[in-house]
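This report concerns only the one structure given below.
Please treat every number below as a calculation from the coordinates, not as lab data. Keep in mind the model is a prediction, meaning the values are calculated, not measured. As a convention, Cβ positions derive from the backbone with ideal geometry for all residues, glycine included, and neighbour counts pool all protein chains shown.
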Amino acid sequence: MSTKKTKDMQALMRQVMEQHIAFNRYLGLKVESFDVAAPKLRLDMRPELVGNPSRQILHGGVISATLDVAGGFAIMLSVLSENATTPTTFPNMGTVDLRVDYLRPGRGRFFIATARIVRKGSRIAVTHMELHNDTDELISTGGAAYVVG
């Protein structure tokens with residue numbers, strides 16, 4: 001893919017991920033990296049994302065959703081990098097299994113979710129995801145399977 005096409009596709013992907021998917025927009029997810037091997041999403045801490053008001057930590061559901069989106073984003077980037085794609089032919093995907101391990105309380109000014117594809121078959125893709133805070137402390141890990149196509 002040419003540099004211009006790559007930049008155009010990244011601009012479109014950013015718009016889809018950050019603006020068109022309403023839940024991502026509510027969470028405030030921002031694309032930090034389009035690296036196909038390990039894409040990154042950023043989430044800034046906000047009061048409406050706190051799960052426990054007395055502890056002021058990120059809600060577990062926000063953590064889970066962010067990891068799920070990161071895994072799906074990794075697959076989407078991989079599929080798009082392999083195929084000439086137009087905005088009307090984005091891959092159709094859905095989460096079929098998601099596991100999250102909460103390792104530490106979600107404290108931080110912001111969080112970075114990364115994902116890598118463990119296996120991608122013709123219909124099912126599997127990812128491993130991690131969420132780190134602003135001091136690079138590992139907050140949670142996850143694994144997910146997605147139906148693709």
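Is at least one residue of the range 135-148 in a strand (DSSP E or B), within 21 Å of Pro47 (Cβ to Cβ) and over 16 Å from the mean Cα position of the chain (by Cα)?
At the first step, the residues of the range 135-148 found to be in a strand (DSSP E or B) are 138-148.
Filter once more, keeping what is within 21 Å of Pro47 (Cβ to Cβ): 139-140.
If we keep only those that are over 16 Å from the mean Cα position of the chain (by Cα) too, we end up with none.
No, there is no match, as no residue in the range 135-148 is in a strand (DSSP E or B), within 21 Å of Pro47 (Cβ to Cβ) and over 16 Å from the mean Cα position of the chain (by Cα).
Please note which helices (runs of 4 or more DSSP H) are completely contained in the range 1-83 and include at least 2 residues that are touching a strand residue (DSSP E or B) at 6+ places or on another chain (Cβ under 7 Å) and surrounded by 19 or more Cβ atoms within 10 Å (Cβ to Cβ).
Because the criterion is at least 2 residues that are touching a strand residue (DSSP E or B) at 6+ places or on another chain (Cβ under 7 Å) and surrounded by 19 or more Cβ atoms within 10 Å (Cβ to Cβ), the helices (runs of 4 or more DSSP H) in the range 1-83 that meet it are 60-82.
Tally time: how many residues in the range 48-73 are of a type outside the set (A, V, I, L, M, F, W, C) and without any contact (Cβ under 8 Å) to a residue 24 or more places away in the chain? Even if it seems obvious, please write down each step before you answer.
The first filter runs over the range 48-73 and keeps only residues of a type outside the set (A, V, I, L, M, F, W, C), leaving 48, 51-56, 59-61, 64, 66, 68, 71-72.
Those left that are additionally without any contact (Cβ under 8 Å) to a residue 24 or more places away in the chain: 48, 52-54, 61.
Counting residues in the range 48-73 that are of a type outside the set (A, V, I, L, M, F, W, C) and without any contact (Cβ under 8 Å) to a residue 24 or more places away in the chain gives 5.
Return the residue satisfying two criteria in turn: it lies in the range 91-123 and is surrounded by 15 or more Cβ atoms within 10 Å (Cβ to Cβ) and of a type in the set (Val, Ile, Thr), and of such residues it is nearest to Ala37 (Cα to Cα).
Ile117
Say whether the condition of being over 18 Å from Arg46 (Cα atoms), assigned to a strand (DSSP E or B) and touching a residue at least 12 places away in the same chain (Cβ under 8 Å) is met by at least one residue in the range 104-113.
no
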